[in-house]
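A.B. asks: My structure is below; once you've seen it, I'll send some questions.
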Amino acid sequence: MTDMRTPLGKVRGFGSAKEGTGDFWRTRITSVALIPLAIYFIILVISLNGANYQEVHASLSHPVNALVLALFILISLVHMRLGMQEIIQDYIQGEGLKVSLLMLSTFFCVIVGVASLFALLKLAFGG
């Protein structure tokens, strides 16, 4: 028995990775943050169903709508990245493949985030 840490020390995250439960809490926080943001997003999309470009532009030009949608995009991508990271770390065995998939997952989230925010800004500012 070489591990002299108490169970509380293990739970607090003082393990070999020095991260412990940080990702666990970040995932839970983004989950809770996504609840009102997703409800707002769904209501906004339903209200814009069948709307023409001018109506969508007018709605997204409102700063509250644009900011809430930007937050929804960013927080959902962070949540998605954390979830994919957890899946990759738990189920991929090879270290090289694991690192490659983690990098690809992060790049994918960045690309989707940039494209989504660009589309939102283009709609909001009518470019």
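A.B. asks: Report D for segment 19-125 in µm² per second (integer): Stokes-Einstein, Kirkwood Rh on Cα pairs, 25 °C, 0.890 mPa s.
C.D. replies: 159
A.B. asks: Let me ask you something else. Efficiency by 1/(1 + (r/R0)^6): what FRET value for A58 and Q93, r their Cβ-Cβ distance, R0 = 35 Å, to the nearest 0.05?
C.D. replies: 0.10
Each reported figure results from applying straightforward, stated rules to the coordinates on display, with no laboratory input. Computed from a prediction, not measured in an experiment: that's the story for all the values here. Cβ coordinates were reconstructed from backbone atoms using ideal geometry, including for glycine residues, and neighbour counts include every protein chain displayed.
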